[in-house]
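Presented below is the structure to which this report refers.
The values are calculated or read from the model by the stated rules, or taken from the named source; none is laboratory data. Not measured: the values here are computed from a predicted model. All Cβ positions, glycine included, derive from the backbone under ideal geometry; neighbour counts span all protein chains shown.
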Amino acid sequence: MPIKNRFAELLPEITAWRHDFHEHPELLYEVHRTAGIVAERLREFGCDEVVEGVGRTGVVGVIRGKANGSGRVVALRADMDALPIHEASGVPFASKTPGLMHACGHDGHTSMLLGAAKYLSETRNFDGTVVLLFQPAEEGGAGGKAMVDDGVMDRFGVQEVYGLHNGPGIPVGTIVTRAGPLQASSDEFDITVTGLGGHAAEPHKAIDTTLVASQIVVTLHNIVSRNVDPLHRVVLTIGTFQTDSGASNIIAHTAKLSGTVRTLDPEERAQMEARVRRTVEGVASAFGATAVVEWHPGYPVTVNDEEMVAHAVEAAKAVALEVDGDARPIMPSEDFSYMLEARPGAYLFLGNGDSAMCHHPEYRFDDEAIPYGCSFFAELVERRMPA
Ligand code: NI
């Protein structure tokens, strides 16, 4: 087995941490119990510094190597929050809180980074400093941004940053990533269309808001096919469509639409808001209606640095069974993107085997993946900052 032997020894202990976190899921920034345990463990391991309350409920641990001639500071990140999902995984250590579940494996991410922290504190076989970032609120709360905004990169002198996310459908022991865009940005928008309500039998005395809004939906989809460079990747989806008409014989007065734009291209992303506004306002005006667009920027594109990916792939090859350094990007978004905007780094997927997808009530984190994740973090540190 290519993993570090120490993690085979530590596996029962790390797995026990993971199952405990799994039984006690917490949402967004309310990760008080989890963050408390993380800080307590880091102190037990003998980390040189442990700072709580970074980015509200984030925890930072600092481990100095045997030497610090290199002056290099490498950060490793894990997320701690769960999801508002009622667990149906059937595991014996299922969530004890109805309606909350670690359905994205962040319990596994946190445990693997703690495992790596234990090993790195014991061995310190590197020349430089490791900064461990345990962040809250990955699931829509921009906890990564909160930590960056709280100055975590400058305060701890971070020069580069790495993170791992489990990947259902990828065999256990496999690590995949790519240079450049790995995950999409995610922006949302709300549209309110106002026409003129009326009697269904007298459309000429009304402005049919349902028809106007329908034209808006159809025309918005032309943005992707006609405005976006065919070699760039953009998704536009209208998720909701509601009118204020309550009967088949009433022409609606207002309609509300909401949707999302995902893209792997920061340049296209920057242009999408203007394109959506122009299209919506133009179509509404053609019918004599009005429309208002509210734009809600979300997570940026997750962009891996080419050089850092090369380092990460080299470390992965030393500990994993299989490595793909040129994997396909995916369209879900990830708030590690904020850390990658602040510092060069790399995000990677760790095989989680044949489980239900993340965010599904039957999702299961595979504990067999733990030694690979821990070994990757430790190997990366030892290779980036050789003693
Ligand atoms: Ni996740």
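Details
- Filtering the stretch 340-357 to residues that are within 14 Å of the ligand (Cβ to nearest atom) and either within 27 Å of residue 131 (Cα to Cα) or outside the structural domain of residue 131 (by TED's automatic domain parsing) (or both) leaves 347, 348, 349, 350, 352.
- One residue stands out among those in the stretch 160-201 that are buried (at least 23 other Cβ atoms within 10 Å of the Cβ) and more than 20 Å from the chain's Cα centre (by Cα): the one that is farthest from residue 293 (Cα to Cα), which is 195.
- Checking each residue in the stretch 96-128 for being within 30 Å of residue 46 (Cα to Cα) and either touching a Pro at 6+ places or on another chain (Cβ under 6 Å) or within 15 Å of the ligand (Cβ to nearest atom) (or both) picks out 102, 104, 105, 106, 107, 108, 109, 110, 111, 112, 113.
- Scan of the stretch 39-75 for residues that are crowded, with 22+ Cβ neighbours inside 10 Å and on the phi > 0 side of the Ramachandran plot, ordered by number: 55
- Within the stretch 106-151, being within 19 Å of residue 28 (Cα to Cα) and part of a loop (DSSP other than H, G, I, E, B) holds for 136, 137, 138, 139, 140, 141, 142, 150.
- For residue 331: the one exception among (1) surrounded by fewer than 19 Cβ atoms within 10 Å (Cβ to Cβ); (2) assigned by TED's automatic domain parsing to the domain that holds residue 251; (3) of a type outside the set (Gly, Ala, Ser): (2)
- Selection from the stretch 309-328 of residues that are part of a helix (DSSP H, G or I), touching a helix residue (DSSP H, G or I) at 6+ places or on another chain (Cβ under 9 Å) and surrounded by 18 or more Cβ atoms within 10 Å (Cβ to Cβ): 311, 312, 315, 316, 319
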